[in-house]
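Just so it is clear, none of the values below were taken in a lab; they were calculated from the coordinates. Not measured: the values here are computed from a predicted model. For neighbour counting, all protein chains shown are included, and Cβ atoms are generated from backbone atoms with ideal geometry for every residue, glycine included.
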Amino acid sequence: MHQFTPPPHAITHGSGPAWAVGDLLVHRVDETELPPPTGAWLLPDATSDVVDDAPWLRPDFATSDGALQLASHSFAIEADGLRVLVDTGIGNGKTRANPAWDHLDTPYLRRLTAAGFAPESVDLVILTHLHTDHVGWNTFERDGSWIPTFPHARYLVARAEWDYWAGVEMDEPRRQMFRDSVHPVRDAGLLDLVDVPAAGGEVAPGIRLRPTPGHTPGQVAVELHSGAHSAVITGDCVHHPVQLHRPAITSCVDIDPAQAIHSRRELLASLADTETLLLGSHFPPPTAGLVTAEGGTYRLRPVPGASS
Ligand SMILES: [Zn+2]
């Protein structure tokens, strides 16, 4: 008799949860939880009184003392043979003004690989918008240079988003972010600017970009369709489930808060009482759910992913 020995390439650390959307499989790839003070800074109007008013937020989305919980992760999608990544987190080793994001060191790439998405196998990277916590793993550092992490992928950005940042005077931290995480992708010829019509546009079979401007001018949500099944990845149109209860709560980094509220209300109204799964780009576990209308507002009915 001999004992089973795992082969050397066996994955022992496991990967995150996954959701089936018809024939599509959506994996959540964790980068890091955001530190506890993030919620009060990001969504200052989401006070503990507001949280108390929506008991369904606890325990998954808020702590007992009313602090909002937030996370940084990507969604990795298997779509009819195409391997798609939606947003790339904060990244490792980057110089950032936010101390929680400065020179981060996480096993994100190992987790992505464990989910079945080795970097060289990724075909498409969709960036919902060009903020620091959505573009970080676009690149990694090798011999003092930042090089594209996904060398065989096309990186998609809405043209409206690109044009906005190209036309504003950026402060030094933002210039640094473009230098280390965006320009290397462009310079390698991997960047595609996409004209996204107001009604949304398909970028791959079953994958559509839907304009949800406000947080940034070119911010998009990502719609997934397969047969009768569908899902929407929020990007930063919705930062936290508390914004289902109070859609008018804006984030301190929204460029046009009124437009952000409008986009969020439209998105939530279109999802309410449907079978479309909402996947939150910063929602902590269980991260996904169905939107139901209740008492003139909305709530999230969590749909945990299966372990993959
Ligand atoms: Zn974000």
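Annotation for segment 204-219: at least one member residue is among the charged types (D, E, K, R), free of Cβ contacts under 8 Å to residues at least 60 places away in the same chain and more than 21 Å from residue 304 (Cα to Cα). Among the residues of segment 266-273, some residue qualifies, meaning at least one is touching a strand residue (DSSP E or B) at 6+ places or on another chain (Cβ under 6 Å), of a type in the set (D, E, K, R) and not in a strand (DSSP E or B). Looking at the structure I just gave you, is residue 181 in contact with a strand residue (DSSP E or B) (Cβ under 8 Å, 6 or more places away or on another chain) and assigned to a helix (DSSP H, G or I)? Considered against the rule, which asks whether it is in contact with a strand residue (DSSP E or B) (Cβ under 8 Å, 6 or more places away or on another chain) and assigned to a helix (DSSP H, G or I), residue 181 comes out as yes.
Cβ-Cβ distances below 8 Å connect no pair with a first residue in segment 131-151 that is of a type in the set (Lys, Arg), a second residue that is crowded, with 24+ Cβ neighbours inside 10 Å, and a separation of six or more residues or different chains. Step by step: first the residues of segment 193-225, then only those that are of a type in the set (D, E, K, R) and surrounded by 15 or more Cβ atoms within 10 Å (Cβ to Cβ), then the one that is farthest from residue 270 (Cα to Cα). Which residue is that? Among residues in segment 193-225 that are of a type in the set (D, E, K, R) and surrounded by 15 or more Cβ atoms within 10 Å (Cβ to Cβ), the one farthest from residue 270 (Cα to Cα) is 208. One residue alone among 58, 83 is more than 16 Å from the ligand (Cβ to nearest atom) and more than 30 Å from residue 177 (Cα to Cα), and that residue is 58. Taking (1) part of a strand (DSSP E or B); (2) touching a residue at least 60 places away in the same chain (Cβ under 8 Å) in turn, residue 298 satisfies each apart from (2). Taking the conditions (1) within 16 Å of the ligand (Cβ to nearest atom); (2) in contact with a strand residue (DSSP E or B) (Cβ under 7 Å, 6 or more places away or on another chain) in turn, residue 194 satisfies each one other than (1).
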